[in-house]
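Worksheet: the structure to be examined is printed underneath.
The values are calculated or read from the model by the stated rules, or taken from the named source; none is laboratory data. Computed from a predicted structure; not experimentally measured. With ideal geometry, Cβ positions are generated from the backbone for all residues, glycine too; neighbour counts draw on all protein chains shown.
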Amino acid sequence: MTEGISGDLPVSHDDARKAAGYVLDYSGADGVEVVLTGSRTGLTRYAGSQIIQNTVQNNVKAYVRVAAGDRTATATTSQLDQEHMQRAAASALEAASASPPDPDFPGLPAPEQVGRAQALFRWDEPTAEASPQQRAEGVKQILDVAKVDNAAGVYETSGHSFAVLSSTGIDCFDAYTRSVCTCLVDTGAATGWGEASSHRKAEVDLEAAARRSLDKAAAGEEPSDADPGTYQVILESPAVATLLEYLSYAGFGAKQVLEGESFLAERAGQNVASPQVTVTDDVFHPRSIGIGFDFEGVPKKRVPVIDSGRATGPVTDLRHATKMGIDLTGHGSGSNEFGPYASQVVMEAGDRSLDELISEVDDGILVTRFHYVNVLERPSTLLTGMTRDGTFRIKNGEVAGAVHNFRFAQSVLEALASVLGVGRELGTVAADYGPFGSTVAPALRIGQFHFASRTSH
């Protein structure tokens, strides 16, 4: 049994080694890499203040990448027996042989070249073994606090395991658990939002998330109009996390730098944010949820992409680190098209409570979270989106009542350049796009944030 884990894993290290062993010496291939993923996810969904769905999904997948000279291709299978693994290898070899040459292929990484990854094992047995009954009891806790007829959200408990093995000697394995709750309270006159996430379900305060959602909704009734324009704003942790996710997507990867799409292409080494702002990709941060290596088996490194306001550099995979002659950081996404990706983004905490940040604003806006966010222009980090589930006016250092939601058009870097205060409480926000990745963020006081228009609700 894997060290630090006493229960059943979706895929064990022994399972992965056995499956990969069927193909690592596949005849005709110059190199073979196998990435195995397994997940066991329990999800309880509620709406109208009652449970409407409970699902349990068990998924296993093997990605077999075969190299034939400088040509590569990948085939997948959900069956780990010898027949299916070798069938995937045969398909990958056939596709690689028919593919055009790839002069930038750096070869499969080897331990003597990239080092050996150390597993993090952020695995919590009670989270991995949580039953539908336990999740139902958790939803009851939420609804007992929410006290409305229209609360909705999810409560998830899951376990995930990952392995990378290759013919060059890569052999790494890691696993983590994750628990996520969300709560949207709709009073009919206003909505409010609360959420929490951790690798331990015991650290997910269900009642606090529900209370926060209820308080937001109650305070949001009878909103007034506020004119569009540029305001000083307080962004709570979920809103900050959204901006950081999109900033990472738009420009933290070396491929975007190489293609001139990232702000780092022109501004590396320059001050791009307030000195109070440090943003890293850091899977080792205690609030992050993830594994200690990338999808090539390269050990992950902590990467400060913005260090005390200064743009310092992208995250890399082997292909782009080799091509650009820069450090390898272990951020291979498994996709040449997408390139390296920062999936555990962390903004360092400051020294202010949320109440202290609000008290320092004479006239501004408090934003709970954003939605419908899209990238308008990558190099300038210009985004658009809307506020949601708790938008309030701040007057003379106090929350002065709800306002109708805004649509914003704002450069993330320009917002970060005007940061006037950073919260000391960090929130972990689970990725929207799947179980891999997390964003850790404080609240921010931002000097200038542009709202382009307001909505009718």
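Brief remarks on what is shown
- Scanning region 329-349 for residues that are in contact with a Lys or Arg (Cβ under 6 Å, 6 or more places away or on another chain) and not polar (S, T, N, Q) yields Gly330, Gly339, Ala349.
- When the residues of region 388-421 are filtered to those that are free of Cβ contacts under 8 Å to residues at least 40 places away in the same chain and either touching a Leu at 6+ places or on another chain (Cβ under 6 Å) or among the polar types (S, T, N, Q) (or both), the one that is farthest from Phe451 (Cα to Cα) is Asn396.
- All of Leu80, Leu36 fail the test of being assigned to a loop (DSSP other than H, G, I, E, B) and buried (at least 19 other Cβ atoms within 10 Å of the Cβ), apart from Leu80.
- Selected residue (only one of Ser131, Ser91, Ser49 is farther than 25 Å from Gly330 by Cα and surrounded by fewer than 17 Cβ atoms within 10 Å (Cβ to Cβ)): Ser131
- Meets criteria (buried (at least 21 other Cβ atoms within 10 Å of the Cβ) and either assigned to a loop (DSSP other than H, G, I, E, B) or out of contact with any strand residue (DSSP E or B) (no Cβ under 8 Å at 6 or more places or on another chain) (or both)) for Gly260: no
- Of the criteria (1) touching a Leu at 6+ places or on another chain (Cβ under 8 Å); (2) farther than 30 Å from Ala73 by Cα; (3) not polar (S, T, N, Q), which one Asp351 fails: (1)
- In region 305-328, the residues that are outside any loop (DSSP other than H, G, I, E, B) and surrounded by fewer than 17 Cβ atoms within 10 Å (Cβ to Cβ): Thr322, Lys323, Met324
- Phe105 surrounded by 14 or more Cβ atoms within 10 Å (Cβ to Cβ), of a type in the set (Phe, Trp, Tyr), within 16 Å of Thr74 (Cβ to Cβ) and not assigned by TED's automatic domain parsing to the domain that holds Thr316: yes
- Residue count, region 213-234 (criterion: touching a Ser or Thr at 6+ places or on another chain (Cβ under 9 Å) and either in the same structural domain as Pro286 (by TED's automatic domain parsing) or within 28 Å of Gly447 (Cα to Cα) (or both)): 10
- Annotation note: of Glu296, Glu360, the sole residue that is surrounded by fewer than 17 Cβ atoms within 10 Å (Cβ to Cβ) and either touching a Ser or Thr at 6+ places or on another chain (Cβ under 9 Å) or not hydroxyl-bearing (Ser, Thr, Tyr) (or both) is Glu360.
- Whichever residue in region 163-196 is among the hydroxyl-bearing types (Ser, Thr, Tyr) and surrounded by fewer than 24 Cβ atoms within 10 Å (Cβ to Cβ) and, among such residues, is nearest to Val35 (Cα to Cα): Ser166
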